[in-house]
Amino acid sequence: MKIIIKENQYTKLLETITNDEEKNHIGDKVMVYYNLHKHTFSVSRNGRVITHADYVKLVDVEFRVRQGGRDKVLQDKRKNVHSFVIGTLEDYCKFPCENLPNESNSNIVTYNPYKHNSFVMKDTEEPIYRAGEVEMINSRNKIFITKQ
């Protein structure tokens, strides 16, 4: 089957694709999760991954865990994407990133589906659901670092 389009349709399609790829999405509401296959963060918008990044900075943040996905992890003993950090994208560094900010040793947020049903503060294990600002740095421990 052959699809034939007019030249102006082709031009408009090409512009749409180019503009979407070049847009940096700063100021957009995004969902971020750690990608187990690429070993970096996946940043998605409207259900579509828009970039992979080693550093992501979000404001007006919500930490969300989908209980159904967590239940499946507990049942199958196999990880899946069910936990997200949601917020307004303020800054990011695409994969691979050479100049990552220094990691802080305080206000670290973590999530382990086998231990907790929500994101927690690493030192106190208190649940956390919101934050004013979060810096996510791809390190060996996949640490989320918050600044309130």
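Can you list residues from other chains, or at least 5 along the same chain, whose modelled amide H is less than 5 Å from the amide H of Cys97?
HN-HN under 5 Å from Cys97: Asp54.
To the nearest 10 degrees, how steeply does helix 67-76 sit against the main Cα axis of the chain, on a 0 to 90 scale?
Between helix and principal axis, roughly 80 degrees.
Filter the cross-link list Lys6/Lys94; Lys6/Lys29; Lys77/Lys147; Lys94/Lys122; Lys115/Lys147 down to pairs whose alpha-carbon distance in this structure exceeds 30 Å.
Lys6/Lys94; Lys6/Lys29; Lys77/Lys147
For the chain, what does the relative contact order come out to in percent, with C-alpha contacts under 8 Å and a separation of six or more?
Averaging sequence separation for qualifying contacts and normalising by length gives 23 percent for the chain.
When the helix-only estimate is applied to the chain (DSSP H runs of n ≥ 4, each -39,500 (n - 2.57), divided by the residue count), what is the mean residue ellipticity at 222 nm, nearest 500 deg cm²/dmol?
Only helices count here, giving -5500 deg cm²/dmol.
Mind pulling the angle between the C-alpha long axis of helix 7-22 and the longest principal axis of the chain? Nearest 10 degrees, somewhere in 0 to 90.
Taking Cα atoms only, the helix is inclined about 20 degrees.
Quick one, what does Rg over Rh come out to for the chain if you take C-alpha atoms and the Kirkwood Rh?
1.07
Using θ = phi - 60° and the Karplus relation 6.51 cos²θ - 1.76 cosθ + 1.60, list the HN-Hα couplings for the stretch 79-92 in order, rounded to whole Hz, with x at every Gly or Pro.
5, 8, 7, 8, 10, 9, 10, 10, x, 8, 5, 9, 6, 7
In a GNM of the chain with a 10 Å cut-off on Cα contacts, which of Lys94, Lys79, Lys57 has the highest mean-square fluctuation?
Lys79
Computed from the coordinates by the stated procedures, all read-outs in this text should not be read as laboratory data. In this text the structure is predicted, and so the values were computed from the model without any measurement.
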